[in-house]
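Scroll down for the structure; my scribbles are underneath it.
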Number of protein chains: 2
Amino acid sequence: MKGAPSACSANYVSMTPIRFLERAATVHADKPSIVYGGLWFSWKETHGRCLSLASALLNLGISHLDIVAALAPNIPELYELHFAVPMAGAVISALNTNLDATTLSVILEQLEAKIMFVDYQFIEVVLNSFNIISHGKCKPPQLVVIHDYNKQPSFIFKNLPPDTLNFNQLLEKGRADFEIRMPTNECDPISVNYTSGSTGTPKGAVYSHRGAYLNSLAAISRFDMKPMPVFLWTVDMFRCNGWCFTWAMAALGGTNICLRNVSAKAMFDEISLHNVTHLCGPPALLNVIADAPQSEKKPLPLGVSITVAGVLPPFQVFHKVAELGFSVNVGYGMTEAMGPVLVRPWKPNSGDELTEHISYGDEGLTLFMMEGFDVKDPNTMKSTPCDGKTIGEIMFRGNTMMLGYLKNQQLTKEAFREGWYRTGDLGTKQKDGSIRLKDRAKDMIYSSGEAVSSLEVEAVLLSHPKVLNAAVVGKYDEQMVESPFAVIKLKEGCWTTVEDIIRFCKARLDTHMVPQSVVFGDLPVNSTGKVQKFLIREKIKCGG
Amino acid sequence: MKGAPSACSANYVSMTPIRFLERAATVHADKPSIVYGGLWFSWKETHGRCLSLASALLNLGISHLDIVAALAPNIPELYELHFAVPMAGAVISALNTNLDATTLSVILEQLEAKIMFVDYQFIEVVLNSFNIISHGKCKPPQLVVIHDYNKQPSFIFKNLPPDTLNFNQLLEKGRADFEIRMPTNECDPISVNYTSGSTGTPKGAVYSHRGAYLNSLAAISRFDMKPMPVFLWTVDMFRCNGWCFTWAMAALGGTNICLRNVSAKAMFDEISLHNVTHLCGPPALLNVIADAPQSEKKPLPLGVSITVAGVLPPFQVFHKVAELGFSVNVGYGMTEAMGPVLVRPWKPNSGDELTEHISYGDEGLTLFMMEGFDVKDPNTMKSTPCDGKTIGEIMFRGNTMMLGYLKNQQLTKEAFREGWYRTGDLGTKQKDGSIRLKDRAKDMIYSSGEAVSSLEVEAVLLSHPKVLNAAVVGKYDEQMVESPFAVIKLKEGCWTTVEDIIRFCKARLDTHMVPQSVVFGDLPVNSTGKVQKFLIREKIKCGG
């Protein structure tokens, strides 16, 4: 081909979620962007505030690809930072509000953020983390405190560093005619998201502008959203930038209903007041809704889509939530893949087993933008046969994958070995090409020489009428032979025996899958409700 | 930011529509991809045939970025070439089947295609064009003839070059285990589409893999398509690669209903047989449907979405089509922007004026992927004020814009002057930010020193009860003073006088807008139904 034209500025525009806000400010100018209690913004206003904030950040000395940290609940200011920080050419890192001072100090040392926005409720933990940091070699970031919009700052915080600023004062100093620092390279970083992880060290997954843009569009398809949805913020914005819905809402011209604290009452009130169309978050949301007292529940005549991702609660909870008028969806994903990659409706009476919550068959657009999705032998990298039996590792590749881990080339290399992201999850492929999740690679138990999926054993335990929750790990005896070990949390007011549980399992499982040991008690869970199996294993090692 | 990871093969995958077919072959493996009369393929089969075809092309000596031309109606083979050619690393150019031998020879000389696929119906015009080419310096491409699937080639074509091949024989020589030549750079060309243009010289708009991928996704949103639509091929695949629906159908796992000849009977039959969900094409489609004899019409209980783009027929036609059960949409776009950029529903009784068929307000996702869309002063490049009066040129920029014109740096540069694509269309911006189309820049008439939109005058003429169609251009008198000149086609069986028309206009338009001359007769239209105003102007110059 001779005389082929090449890309130019009219036909090659770097993909970045900033464009969504630019467009919303024109197309959806006067429509509501954010509602927070009595506070209300239009897309034009949100655009203007973000521009001002971006210009104020530059005045503070922020330069290209500097990191700006934020520790806040789902309030308008944290939403705005998701645009303002990238508009200033910088990188946002929204941090988990459940972190303790020690973990926070480790993360802040890794981030080397220049500025940190902090909600007034979280000042103490930040100052404590600064005390830890100051013993090290890294200078803590300059603080910008966010006060509650409808409360006068009722007290002056002691011990705040002298250069601490106030969000509103900072905003006022900004200029709305600011010229956006668009990324020169669409693969430049836009954000750092720490994984909630089930293991010790925090890992900062770095997202690119390109990835964030494409994953926002993918989310719209995966969650089957129409233009102008009303989104209730129950998923933390610090989780994969709110599963990328921070940006997707601007793409859709939707309305963000911000929420400082999630409770059944708050959810039902906001849903009913604003005709919420979508909400999502950890599976614990389902429990909160199912357990809501009758007085707090409200009718949902329009139907509300709720999507949860994580370790799923028992069947009954799903049924309860569906009966209240929610359409329930289940997602599968991880921080490295920018949130749920796959979303599918949960269907009552479908005989759905909770252990089989990936199904890559009729999913329509669910895997939009993820160019590769396969189950492979992690050593040979060969695709596993569609026999429903051969277990392999679930792997992804595509433009909606993180760039890698911050300051951790080694982990990044391992995660992307041979050009595929290793999820660490095991699965089988069925004849129809669908994939069934079997277990986390490290949670497989090798009992009597056979691989046992801990999830399959847990599913049987959860079907016991008295069991509320269960976790199964491998326990080694003195000869280093592994066998299933179950920790069981019984329902309130119930009691049973180890023998009863084992008998129940024997009737339903192959012998090598039946737990050899059973204990009753609380399961250690992290902030997303994930059972921390490594803690159970440690406890067993220490002799329980 | 220190220690930032960068893109790698696991998280940076070149965007190309080829991925849609790869995915459809897995996710929608056994679902119907193509139906053509009694012929039926699944997505797995289509994938296999495209791989074979790609490998056969390489065997013929096709190499990276070579051009493969095709001249065929909307048959399965042309659909397959849209994937097979790019899979071989080459560039597809589907040519207008209405071209005469002379124009075809000009295009073929410009393309320098190595291979040309030709449907049996179009062999004669191709051979004639070869005769013209052979007098020049360029070697005509090697031919591959496509015979009708259900007919034995009933005659041997005389005069075919000795190296001519047969599609099915070529396909049989291919290997389905072919390894796809994925684009190393996503901005590499994937196709060349000649504009139907209202001016003389054919211009080949070159699309990139990136643009085609993103525009396919954008089309899904613009046309409000759900997964697995049933698409009736009434828009020519040689128009912007079928408005990119060739590729979008694979992204959605939809079913392509191929159609050699468009007629009212064929459309109603296919719609009713296959539950067609979408069709689109030139506005003439609406006339064909509206004028269908009662015996050919069929009930459409499920509703069918029809989208037309081009010069719109009168109101009554829309009403008739809507009454038959179609939901009618109107698109605005051009070959350079890969088809309709903006699609909006036509609403009966909305007081919609046909001259105002762009409206950039509540459009939701319609401008998805087009990063810039504005009305600007073409000289100062300043955005026009939202006053509903100031006329400027409508301009675009974004990733779904062509790369440029083949072998025409000068035209490419002009089209993209200062980083924006100049549509040549004039419009105003309203207070609410919406845009109203006023006219083609070159169709504006400067009468008594005032700019007159020919479309506005035509709209008045079209509202005359006896007028079927009308075109207004500027006519210069001996003093080079311009005034409106109208050509009017009356409805069948109607007659009227010049005086009546002028009186009708005077009652509805400012004096300077009223046509000074009126003639009755046929309007010169091109293959898309666009009035060729330049032909009217030429005729006037030659004294009528």
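The values are calculated or read from the model by the stated rules, or taken from the named source; none is laboratory data. As the structure is a computational prediction, the values presented were derived from the model and not from experiment. Cβ sites come from the backbone with ideal geometry, for glycine too, and all protein chains shown count toward neighbours. Note: accessible area is taken over every heavy atom of the protein model, side chains too, but ligands, DNA and RNA are not part of it. Shrake-Rupley method; radii C 1.70, N 1.55, O 1.52, S 1.80 Å.
Here are some notes:
- Overall form of segment A:287-326: oblate. Here a/c, set by the Cα gyration tensor axes a ≥ b ≥ c, is 1.5 or more, and a/b is not larger than b/c.
- Cα-based reach from A:LYS466 at 13 Å (exclusive), listing aspartates and glutamates while leaving out same-chain residues under 8 positions away: A:GLU492, A:ASP500
- Of all DSSP beta bridges in chain A, antiparallel share, percent nearest 5: 55
- Sites listed here are chymotrypsin sites (Phe, Trp or Tyr not before Pro) in segment A:425-495 whose DSSP assignment is loop and whose Cβ has at most 12 other Cβ atoms within 10 Å: A:TRP495.
- If the Kirkwood radius is taken over C-alpha pairs of segment A:221-441, then at 20 °C and 1.002 mPa s the Stokes-Einstein diffusion coefficient equals 116 µm²/s.
- Exam field: B:HIS147 pseudo-label spacings to other copies (7 Å along Cα-Cβ), nanometres: 8.6
- Heavy atoms of chains A and B lose about 5000 Å² of accessible surface on contact, summed over both sides with a 1.4 Å probe.
- Interface burial in segment A:97-122, defined as at least 20 Å² less accessible area with all protein chains than with the chain alone at a 1.4 Å probe, covers A:GLU112.
- For A:PRO161, label point 7 Å along C-beta direction: distances to other copies, nm: 7.3
- Residue-normalised accessible area of segment B:41-208, given per residue in Å² at a 1.4 Å probe: 40
- Across peptide B:389-401, the average count of Cβ atoms from other chains found within 10 Å of a residue's Cβ is 2.
- Environment charge of B:GLN532, counting only residues whose C-beta is closer than 13 Å and scoring Lys/Arg +1, Asp/Glu -1: +3
- Here segment A:210-289 and segment B:406-458 have alpha carbon centers that stand 41 Å from each other.
- Qualifying trypsin sites (Lys or Arg not before Pro) for segment B:98-169 [loop in DSSP, other Cβ within 10 Å: at most 12]: B:LYS137, B:LYS151, B:LYS158
- Taking segment A:22-68 and dividing mean pair separation by its residue count, relative contact order in percent (alpha carbons under 8 Å, at least six apart): 28
- The fraction of all Cα pairs in chain A landing in successive 10 Å bins from 0 to the largest distance is 3, 17, 27, 26, 17, 7, 2, 0, 0, given as whole percents.
- Report summary: the helix-based calculation at 222 nm, which adds -39500 (n - 2.57) for every DSSP H run with n ≥ 4 and divides by the residues of chain B, gives -8500 deg cm²/dmol.
- Across segment B:13-122, the relative contact order, built from alpha-carbon pairs under 8 Å that are at least six residues apart, equals 26 percent.
- Carbon/sulfur fraction of accessible area - segment A:392-438, other protein chains in place, 1.4 Å, %: 43
- When DSSP beta bridges are restricted to pairs lying wholly in the protein assembly as shown, around 55% turn out antiparallel.
- B:LYS347 accessible area, assembled protein chains, probe 1.4 Å, Å²: 120
- Length available on full extension from B:ALA441 to B:SER463: 0.36 nm per residue minus the Cα-Cα distance, which gives 5.6 nm.
- Rounded, prolate or oblate (a/c below 1.5 giving rounded, otherwise prolate when a/b exceeds b/c) for segment B:41-208 by Cα gyration tensor: oblate
- Closest Cβ on chain B to the rotation axis that carries it onto A (distance rounded to whole Å): B:LEU217, 3
- Based on Cα contacts under 8 Å between residues 6+ apart, chain B shows a relative contact order of 11 percent.
- Across the alpha-carbon set of segment B:1-77, the Rg to Rh ratio works out to 1.13, Rh being the Kirkwood radius.
- The protein assembly as shown - Debye-derived log10 I(q)/I(0), Cα point model, q = 0.08, 0.10 Å⁻¹: -0.91, -1.33
- Radius 13 Å from Cβ of A:ILE501, net charge of other residues (Lys, Arg +1; Asp, Glu -1): +2
- Pairwise Cα distances in segment A:428-544 exceed 26 Å in 18 percent of cases.
- Rounded if a/c under 1.5, otherwise prolate or oblate - segment B:171-264, Cα gyration tensor axes: rounded
- Multiplying each eigenvalue of the alpha-carbon gyration tensor of segment B:242-285 by 5 and taking the square root yields semi-axes of 19, 14, 8 Å, largest first, rounded to whole angstroms.
- Using a cut-off of 22 Å between Cα atoms, the listed pairs B:LYS489/B:LYS530; A:LYS31/B:LYS431; A:LYS44/A:LYS173; B:LYS429/B:LYS475; A:LYS442/A:LYS506 include B:LYS429/B:LYS475; A:LYS442/A:LYS506 as exceeding that distance.
- Between B:LEU65 and B:LYS151, the distance separating the two model label sites (each 7 Å from Cα on the Cα→Cβ line) works out to 4.0 nm.
- Mean-position separation - Cα centroids, segment B:1-22 and segment B:74-131, in angstrom: 33
- Longest DSSP-loop-exposure-free segment, GluC sites (Glu not before Pro), chain B, at most 14 other Cβ within 10 Å: B:1-178
- Trypsin sites (Lys or Arg not before Pro) within segment B:1-78, DSSP loop, no more than 12 other Cβ atoms inside 10 Å: B:LYS2
- Residues A:LYS530 and A:LEU39, FRET efficiency given R0 of 30 Å [Cβ-Cβ distance, rounded to 0.05]: 0.35
- Threshold 30 Å², segment A:6-49 residues less accessible with all protein chains present than alone (1.4 Å probe): A:SER9, A:ALA10, A:ASN11, A:TYR12, A:VAL13, A:MET15, A:ARG23, A:THR26, A:VAL27
- Unit Cα scatterers, Debye sum, segment B:46-88: log10 I(q)/I(0) for q = 0.19 Å⁻¹: -0.51
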